[in-house]
Amino acid sequence: MASFSVEDFVGNGVLKDLLPTLLEEGWDDIPTLKIMNSEDTDAMNMTRQQKDALEIRSYLHDRALLQYGDKLEASGKCLPELLSLSTGDLSSHFGMKRGHIARFMDRTGACEDPLLKSYAPLTARKMNSTVSRNNSNFKSYASVSSKKMETISSMNYDKSLEQSLADFKIKDGYIFKGIVAAGPAELRACGCVQPPPVVESVAPYSSIENISVQKLTPEYKIGLEHLVKTKTPPMKAVELWRDKPAVILCIRRPGCIMCRAEAHQLYAKKPIFDALGIRLFAVLHEHIESEVKDFWPRYWGGVVLFDRSMEFFKALGGGQLLKDKFISGFIFNPRAIANYKRAKAMGIDQNFKGEGEIKGGLFIVGRDKSGIAYQFIERNFGDWAPVAEVIDICSKLRVS
């Protein structure tokens, strides 16, 4: 799986010298870089070679093949020319492995994220009203922000979700009813093992607002140190969504292949969440510094928090930790095995460090004290909250 480190993305090619300018102009993370269009690259005065490099590396990033970026870029060929090469040429000229060639030649995995592409333009009035046109940085800042805003509009989601949201009201003082979701409860070991029960009611807001969390990493930007060097003081969770709604991703184990895949596919939609005014946080219940370094920013470029008391994880389980054993919860669970294969197909590395039986999940919390709008529970190892569903809920919380 391709890293979310911009330094890894640009490699040693022609984009490397552009890093200071990209940072100054606000193109400071990979999800944002990948939505640059021709107007944006022209505004940056990119050369033809730099534009080709950006297109090649975006294509490779989507297919977890960035290790070939420097070689393909150095060939001087544009992406269409590279895609027209034979299997033999890709192998002999660039040392591409056979399985990687198949992934490279598969054009069905479009470079432009289908969720991003499916959104129609929104007005950028919000940016125009909050940034002074007399500011010398306005043009570049508004360019990035407007580009992010262009990715947002209504999407065609499952009608059952729309119906469940029919009475979803957004206004000051309203306490969200909340929606609880989880993967299917399939029988295990031919029906000999029953899946663990999950709660059917959303956690009370009071169970999460005063949770003590500690910041382990900042939000990733070009050139930032990979960890918070000085120990930050604990803070109350309510500060995370004090002025903006937040998505709280509770990670079972940062070295887990399925947890890494979930984090990666959620953070890849960062431009959408940015435009909606939604903050992204990942929460760990165990702090192993080497694991945090491996996890951030490769699989997750947002803020990483430490929940020492595991209160977020307890809230997902109705006040108790939701746990499962490896044998019954994975080996005898076809749903978990399917989840593992899905993550494995994404080319993700894994390790087995740390505690891995405490289930995770996801919360969407409204601004200030408006409550929990959505709660997803990891019933089976590797269950993900559907991204389209998460974005749909967040669109109803959008900060105007």
Could you look through region 1-24, keep only residues that are modelled with pLDDT under 90 and among the small types (Gly, Ala, Ser), and pick out the one that is surrounded by the most Cβ atoms within 10 Å (Cβ to Cβ)?
-> ALA2
Does region 330-350 include one or more residues that are under 18 Å from TYR267 (Cβ atoms), touching a His at 6+ places or on another chain (Cβ under 9 Å), in contact (Cβ under 8 Å) with a residue 60 or more places away in the chain and not small (Gly, Ala, Ser)?
-> yes
Taking region 277-291 only, how many residues are within 22 Å of ILE30 (Cβ to Cβ), over 10 Å from the mean Cα position of the chain (by Cα) and surrounded by fewer than 23 Cβ atoms within 10 Å (Cβ to Cβ)?
-> 3
Does any residue of region 350-362 turn out to be under 25 Å from ASP243 (Cβ atoms) and in contact with a strand residue (DSSP E or B) (Cβ under 8 Å, 6 or more places away or on another chain)?
-> yes
What helices (runs of 4 or more DSSP H) completely inside region 1-114 contain at least 2 residues that are of a type in the set (Ser, Thr, Tyr)?
-> 38-43, 48-62, 87-94
Search result, residues across region 312-339 that are in contact with a strand residue (DSSP E or B) (Cβ under 6 Å, 6 or more places away or on another chain) and part of a helix (DSSP H, G or I) | PHE312, PHE313, LEU316, SER328
Is it true that ALA64 is within 30 Å of LYS344 (Cβ to Cβ) and surrounded by fewer than 20 Cβ atoms within 10 Å (Cβ to Cβ)?
-> yes
For region 25-40, does any single residue satisfy the condition of being touching a helix residue (DSSP H, G or I) at 6+ places or on another chain (Cβ under 9 Å), within 18 Å of LEU90 (Cα to Cα), without any contact (Cβ under 8 Å) to a residue 60 or more places away in the chain and open to solvent by 20 Å² or more (accessible area, probe 1.4 Å)?
-> no
So PHE312, is it among the aromatic types (Phe, Trp, Tyr) and either open to solvent by less than 20 Å² (accessible area, probe 1.4 Å) or under 26 Å from VAL213 (Cβ atoms) (or both) = yes
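Residue check: is ARG57 open to solvent by less than 20 Å² (accessible area, probe 1.4 Å) and basic (Lys, Arg)?
Yes, satisfied.
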The lone exception for GLY301 - which of (1) surrounded by fewer than 24 Cβ atoms within 10 Å (Cβ to Cβ); (2) touching a helix residue (DSSP H, G or I) at 6+ places or on another chain (Cβ under 9 Å) it fails = (1)
Among the residues of region 278-311 satisfying the criterion of being of a type in the set (Gly, Ala, Ser) and out of contact with any strand residue (DSSP E or B) (no Cβ under 8 Å at 6 or more places or on another chain), which is nearest to ASP383 (Cα to Cα)?
-> GLY301
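The values are calculated or read from the model by the stated rules, or taken from the named source; none is laboratory data. Being a predicted model, the structure only gives us computed values, none of them experimental. So basically every Cβ, Gly included, is an ideal-geometry build from the backbone, and we count neighbours across all protein chains shown. Surface areas here come from the heavy atoms of the whole protein model, side chains and all, with no ligands, DNA or RNA. Shrake-Rupley method; radii C 1.70, N 1.55, O 1.52, S 1.80 Å.
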